[in-house]
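The values are calculated or read from the model by the stated rules, or taken from the named source; none is laboratory data. Note that this is a predicted model, so its numbers are computed, not measured. Please note: Cβ atoms are built from the backbone with ideal geometry, for glycine as well, and neighbour counts cover all protein chains shown. Protein only, heavy atoms only, side chains kept; ligands, DNA and RNA dropped before computing areas. Shrake-Rupley method; radii C 1.70, N 1.55, O 1.52, S 1.80 Å.
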Amino acid sequence: MLRYALRRLIWLPIILFGVSAVVFVMLRVLPGQSPAEIIAGQGATPEQIEALEEQLGLNEPIWDQYRVWVTDLLRGDFGEEFYSQKSIKDEFIRRFPPSFQIVMMSLVIGTVLGIGFGVISAIFRNRSPDYVVRFGAVAFSSIPEFFMLTLLIVVPAYLWQYSQPVGGYVPFYEDPWTNMRLMLPPAIILGIAGSAGLMRLTRTTMLEVLQSDYVRTAKAKGLRQQTVLFSHALRNAGTPIVTAVGTAFIAVFGGSIIVEQVLSIQGLGQWFFFASLQRDLTVVQFLVVYSAFVVVVMNLIVDLSYGYIDPRVRYS
Amino acid sequence: MSNDGLDLRYWGRQRVTRRRVLSGAVAGGATLGAIALVGCSSDSDDGGNGNGGSDPEVPTRTVNDGTQDGAGQPGGILRVRQAAALPSMNVFGPGIFPLAQGLTLGFTIFDHLWYVPTDTGVTELFLATNVEQVDDQGLETIVTIGDATFHDKAPANGRRILASDVAASYMRFSQEVPIGYSWLQDVMESITATDDKTINIKQKFPWAWMFTSSNAGSPIFSSIMPEEILQDADFMQSDGIGSGHWFLDSHDNGANVKFRKFQNFRTFQNGGDITGQPYMDGVDFVFITDDNAALAAFLAGEIDTHGFSSKKQMDDTIAQLGDDIATGSDLARDYMNLMLNMKDPTWADERVRKAINKLIDRDEAILLIEDGDGLKAAPIPPAHTRYLLPEDDEVLVDYWTSNVEEAKALLDAAGFDYDKEYELKHSNRVGDSTLGQVLQQQLARGGVKIKLVQEDLVRWFTQTLNQHDFSMTCFQHLAYEDVDLPLRFYLGADTSTGRPANFMDYSDDDVNAAVLAAAQELDEEARVVKVLEAQRVIMRKAAPMFNTHSAINFAGRYEYVKGAITGRGSLGLFNRTTWFSDEQRRQQS
């Protein structure tokens, strides 16, 4: 397993190299004004724009620009934002905690709800609880997250004159109550939205496993239903479910952009949103590579977890 | 006040975006940052006119000077919305974004020589104690400043303001041509300190609005700073020092900006005593990017003021909060327009331009875009009441009358190419996009085929508008404090003086002469007449910027917020006279 993990890790820099190269080139060949022209503003002379391009390194050949960027990146120098000249590294460190909290809380909630209701639905197949859960899954997966988030804000405001805490993110260790008031409701919404697919997958997989011979044998041996369900059935149904959890993580990661925008949280999602609109190339390319890194690592964790869930899986 | 809440985050809002207007006059036009910031500034000011629970059908135009609620009480922190984070605190750069900083800090931490409220048009002296024009042509002005100090922060450390600081600040702004402050440079010959308290300003030529809020009295680029920091970009990245009534206390990377009372703020203004101002202990800008979240925060009492996105939203809020809030409406100073670029030979024929204008149905546009809450605009937008043509003016009536048959006849006579499809570029601001769709439908009635091209706001502003890279474009102008810019937009290039081309690359001798005649007329009454005449010339010539309308804004504040200045342009954004009648709110800090 260790060798398998190492082999997968060797692929990590290769994948990141490919992603970073594609992103770097694409951002620079897109039509439109160069960042230097935008920064220089109206009335700037060609000389001023040229000087700015030189300062930003934009007049170098694209592969030289890429080489410099990658070299700096490997040295831990992520560069600066084009417009504010703030350190990207500092900004990332500042913006990471709220985004991480949203993603993790949503993922935990989504996983618990998805697997939990999936099992319930499978146990009560074609009975009232199954119908209720399936209806809920379809309903929640049909409603866009931004709409749910808007309702989350508007409905309590009109009904009870209640508002989410305003003014941005407050770390949990500073003020747990305010942090939870701010983060829990959107995490529940993101989690529920992400749980719908997981619930249906869990149900389907569980139904298949519950009809297998070894489950019947376990029941015939007189094992308790909990043992049959969770030790035998669910564990054997786990492989596709874990794959789905990994996918849900990536989806929640994207969903955090909306949450951060709606709730005025200065996280990575909001940063990416504004950087894209402002064509802040250094920020966008850094965040895309970071996202690729997270996806690759998440997939690796999912792959490695197969062996833990199903001992028959061998990494040879 | 015609403004409400910041929207550098203008994306994704319709009416709110439309209302995120420039609180002060700004040379050059909109920026992303500006639009964003304006919202928060205006929220802080536009508290409505006190008609709580009422149902205003028309803008009240009520002028309140801040004393309407009696003597102000000290204490309390005003909480207003900040819809976008400031990229930095540096009002000089980089690029187009400093406008946002300029708008936020220019009304708060920086003091100015004077300000010109829109209701009177008369200069109100701030730091200046005396202003004297020493020649008949208005080409040389001597300004004397009073005793005041900078904020107690290094490197200024609360030292006295010198005339040399004022001169250096003006010069520093005048060097920022890329930001769009070139007019200060173009008109101003020199600004020098002759002693510690005296400043000498010389102009290259007379200009009626030289010292108004568009130019040397701008809340943005007449901000006075200590000389020590003017070239210190590193310092200004995250902090600022001025002598304004607030000092910059803290900010969270450009968001949640907090201002606190400057205890040593000057005690004089316009010959009067303003000891005790500002009454409040400070202002907190609360970072709320989403409009719904802002409304929720207002309903929950988390912020003290709010700019509504529509009259209906205001009415719904009144139904919720009743007499706890005061609401009001006001006519916006910003205005929508359709612009044609003369580089496209299609528009060279005056008959074609007249036809385009004849196809615009302004009443319908107001109905469709503003739910009927707006007023038609002539070359000077309707908020500038002193310069409005009478509604029965023959030229104006003809200009505003939509007539499809007449338009078709004009187009036929001009040999207009009906088969060609014309690109109408607009930004992705919802208000601009909606205007584009309305114009597309209206022009189609005359057989003019329009292809709408939507662009990101930054791209549209920096490239399409500023590089004049369009055949047709439509957008919302910012809210200008005086009529200088609305009129100057029609002024063509002049190579002899270095005056640049306007956005439309349009130049007409008659229009140029009429605009210059107005701008260089120093007598107030005579200038009003000349501005009216300039508008007539612009309309007769069908100059290719057709203003459509201005919207009516709706705003609210909690009833305990007193002393707001309204109806005086952006003067109220300084928030010096605002105070809390609620004892509990006064104690909160």
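Among the residues of region B:168-184, are any of a type in the set (Asp, Glu) and within 30 Å of residue B:385 (Cα to Cα)? The answer is no, given that none of the residues of region B:168-184 is of a type in the set (Asp, Glu) and within 30 Å of residue B:385 (Cα to Cα).
Taken over region A:233-268, the criterion of being within 14 Å of chain B (Cβ to nearest Cβ) and outside any helix (DSSP H, G or I) is satisfied by A:263, A:264, A:265, A:266, A:267.
Given the options B:213, B:169, B:174, name the one that is in contact with a strand residue (DSSP E or B) (Cβ under 9 Å, 6 or more places away or on another chain), among the hydroxyl-bearing types (Ser, Thr, Tyr) and within 14 Å of chain A (Cβ to nearest Cβ). None of the other options fit; the residue is B:174. Is it true that some residue in region B:275-286 is surrounded by 21 or more Cβ atoms within 10 Å (Cβ to Cβ) and either closer than 26 Å to residue B:171 by Cα or in the same structural domain as residue B:152 (by TED's automatic domain parsing) (or both)? Scanning region B:275-286 turns up no residue that is surrounded by 21 or more Cβ atoms within 10 Å (Cβ to Cβ) and either closer than 26 Å to residue B:171 by Cα or in the same structural domain as residue B:152 (by TED's automatic domain parsing) (or both). Counting the residues of region B:486-497 that are within 28 Å of residue B:103 (Cβ to Cβ) and either open to solvent by 10 Å² or more (accessible area, probe 1.4 Å) or among the acidic types (Asp, Glu) (or both) gives 2. Any idea which residue in region B:238-268 is nearest to the chain's Cα centre (by Cα), counting only those that are within 14 Å of another protein chain (Cβ to nearest Cβ) and open to solvent by 50 Å² or more (accessible area, probe 1.4 Å)? For region B:238-268, the residue satisfying everything is B:258.
Among the residues of this structure, residue B:556 counts as one that is outside any helix (DSSP H, G or I), touching a strand residue (DSSP E or B) at 6+ places or on another chain (Cβ under 7 Å) and either closer than 30 Å to residue B:273 by Cβ or not assigned by TED's automatic domain parsing to the domain that holds residue B:340 (or both). Residues considered: A:48, A:85, A:55. Of these, the only one that is open to solvent by 70 Å² or more (accessible area, probe 1.4 Å), outside the structural domain of residue A:241 (by TED's automatic domain parsing) and part of a loop (DSSP other than H, G, I, E, B) is A:85. The residues of region B:299-314 that are at the interface with chain A (Cβ under 8 Å from one of its Cβ atoms) and not in a loop (DSSP other than H, G, I, E, B) amount to a single one, B:299. Among the conditions (1) surrounded by 13 or more Cβ atoms within 10 Å (Cβ to Cβ); (2) more than 14 Å from chain B (Cβ to nearest Cβ); (3) at pLDDT below 80, residue A:78 misses just one, which is (3). Scanning region B:280-323 for residues that are within 11 Å of residue B:555 (Cα to Cα) and small (Gly, Ala, Ser) yields a count of 3.
Does residue B:429 qualify as being of a type in the set (Lys, Arg), in the same structural domain as residue B:483 (by TED's automatic domain parsing) and under 23 Å from the mean Cα position of the chain (by Cα)? The answer is yes for residue B:429.
Here is a yes/no grid of residues against (1) among the β-branched types (Val, Ile, Thr); (2) open to solvent by 20 Å² or more (accessible area, probe 1.4 Å); (3) at pLDDT below 95; (4) in contact with a helix residue (DSSP H, G or I) (Cβ under 6 Å, 6 or more places away or on another chain):
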residue: B:440; (1), (2), (3), (4): no, yes, no, no
residue: B:443; (1), (2), (3), (4): no, no, no, yes
residue: B:446; (1), (2), (3), (4): no, no, no, yes
residue: B:451; (1), (2), (3), (4): no, yes, no, no
residue: B:481; (1), (2), (3), (4): no, no, yes, no
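Taking the criterion of being within 11 Å of residue B:346 (Cα to Cα) and surrounded by 15 or more Cβ atoms within 10 Å (Cβ to Cβ), the residues of region B:404-429 that qualify are B:411, B:414, B:416, B:422.
Residue A:159 meets the conditions (1) part of a helix (DSSP H, G or I); (2) more than 14 Å from chain B (Cβ to nearest Cβ) in every case but one. The failed one is (2).
If you go through region A:212-235 one residue at a time, do you hit one that is over 22 Å from residue B:81 (Cα atoms) and under 26 Å from the mean Cα position of the chain (by Cα)? Checking region A:212-235: at least one residue is over 22 Å from residue B:81 (Cα atoms) and under 26 Å from the mean Cα position of the chain (by Cα).
Annotation note: of B:294, B:319, the sole residue that is open to solvent by less than 30 Å² (accessible area, probe 1.4 Å) and in a helix (DSSP H, G or I) is B:294. Considering (1) surrounded by 23 or more Cβ atoms within 10 Å (Cβ to Cβ); (2) closer than 30 Å to residue A:91 by Cβ, the lone condition that residue A:233 does not fulfil carries the number (2).
Taken as a whole, the structure places residue B:349 among residues that are in the same structural domain as residue B:400 (by TED's automatic domain parsing) and either open to solvent by less than 10 Å² (accessible area, probe 1.4 Å) or in contact (Cβ under 8 Å) with a residue 24 or more places away in the chain (or both).
For region A:166-178, a tally of residues being modelled with pLDDT of 90 or more and either open to solvent by 50 Å² or more (accessible area, probe 1.4 Å) or at the interface with chain B (Cβ under 9 Å from one of its Cβ atoms) (or both) returns 6. Among the residues of region B:352-400, those identified as touching a Pro at 6+ places or on another chain (Cβ under 7 Å), within 22 Å of residue B:505 (Cα to Cα) and either part of a loop (DSSP other than H, G, I, E, B) or not assigned by TED's automatic domain parsing to the domain that holds residue B:479 (or both) are B:379, B:380, B:381.
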